[in-house]
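The values are calculated or read from the model by the stated rules, or taken from the named source; none is laboratory data. Quantities reported herein were computed from a predicted structural model and do not represent experimental measurements. Cβ atoms come from the backbone with ideal geometry, glycine included; neighbour counts cover every protein chain shown. Just the protein is used for accessible areas: all its heavy atoms, side chains included, with ligands, DNA and RNA removed. Shrake-Rupley method; radii C 1.70, N 1.55, O 1.52, S 1.80 Å.
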Amino acid sequence: MSIGNTLLGLLESGPRHGYELKRAFDEKFGHDRPLHYGQVYATMSRLLKNGLVEVDGIEAGGGPERKRYAITDAGITDVERWLATPEKPEPYLQSLLYSKVVLALLTHRDAAGILDAQRAEHLRSMRILTDRKRQGDLADQLICDHALFHLEADLRWLELTTARLDKLAEAVTA
């Protein structure tokens, strides 16, 4: 998962402090692997350096200064590009693709379009593997079958998610 792009996407709803970003990330995406605070602040520092976020305010308190981050136009463009780029089909694609779909829903983008683009990328990969399987020896056929079965499972997940997109939108925006 691209932590930076995910944090940028979460900032589209408005400026947040690092601890608020961590909490939102963990709530939406980090059930199995919550972010460490150090990871959030290191990522925000890099995003700030790259001009994808800006400091929207600094609050003094009993401890260190608390920065509130806001996404820049360049950051929004970066998120749009990331969401629109299909992931290379892999056996564990669902977790990253799920993050993209949820972020699209949270930021009022076309989640169905993301699923459609990913479906097209999977079908393209399946055609290539099917051609290779036809021309290959037994070992190559088995390797291609393995990859094709994973891609078929991903396609089933894409179809199921597309069918449940309205319910998912209700669940993640509640």
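In whole angstrom, and with the biggest value first, how far do the Cα coordinates of the stretch 1-48 range along each principal axis?
For the stretch 1-48, the Cα extents along the three principal axes come out at 27, 21, 18 Å.
Computed FRET efficiency, Cβ-Cβ of Lys88 and Gln39, R0 25 Å: what is it to the nearest 0.05?
My answer for the efficiency is 0.55.
Over the chain, what is the relative contact order in percent, taking alpha-carbon pairs closer than 8 angstrom and at least six residues apart?
21
On a 20 Å Cα-Cα criterion, which of the cross-link pairs Lys22/Lys100; Lys28/Lys100; Lys49/Lys88 come out too long?
Lys49/Lys88
Using the Kirkwood formula on the Cα atoms of the stretch 130-174, what hydrodynamic radius do you get, in angstrom to one decimal?
Radius from the Kirkwood sum: 12.5 Å.
Percent of accessible area on the chain owned by carbon and sulfur, 1.4 Å probe?
The C+S portion of the solvent-accessible surface of the chain is 53 percent.
How much accessible area per residue does the stretch 1-137 have, counting only protein heavy atoms and a probe of 1.4 Å, in square angstrom?
Computed with neighbouring chains in place, this is 56 Å² per residue.
Can you compute the charge dipole magnitude of the stretch 1-128 about its Cα centre, using +1 on each Lys and Arg Cβ and -1 on each Asp and Glu Cβ, nothing else charged? Give it in debye, rounded to the nearest 20.
That gives a dipole near 260 debye.
Once the convex hull of the alpha carbons of the stretch 86-174 is built, what does its volume come to per residue, in cubic angstrom?
Looking at the stretch 86-174, the number lands at 73 Å³ per residue.
Under the Karplus relation 6.51 cos²θ - 1.76 cosθ + 1.60, θ = phi - 60°, what is the ordered set of whole-Hz ³J(HN,Hα) values for the stretch 78-83, x standing for Gly and Pro?
5, 5, 4, 5, 5, 5
Any idea what % of Cα-Cα pairs in the stretch 31-82 are farther than 17 Å?
When every Cα pair of the stretch 31-82 is considered, 47 percent fall beyond 17 Å.
For the stretch 66-145, with the dipole built from +1 on Lys and Arg beta-carbon atoms and -1 on Asp and Glu ones, taken about the Cα centre, which of His108, Ile128, Leu97 lies farthest toward the positive end?
His108
For Glu170 and Asp131, what does the FRET efficiency come to when R0 = 35 Å and r is the distance between their Cβ atoms, rounded to the nearest 0.05?
Computed FRET efficiency for Glu170 and Asp131 comes out at 0.25.
Per residue Cα convex hull volume for the chain, in cubic angstrom?
130
Ala120 label point, 7 Å along Cα→Cβ, cut-off 20 Å on backbone N: hits in the stretch 132-170?
151-152, 154-163
At 0.36 nm per residue, minus the direct Cα-Cα distance, what do Leu142 and Thr162 gain on full extension? Give it in nm, one decimal, please.
Between Leu142 and Thr162, full extension yields 4.2 nm more.
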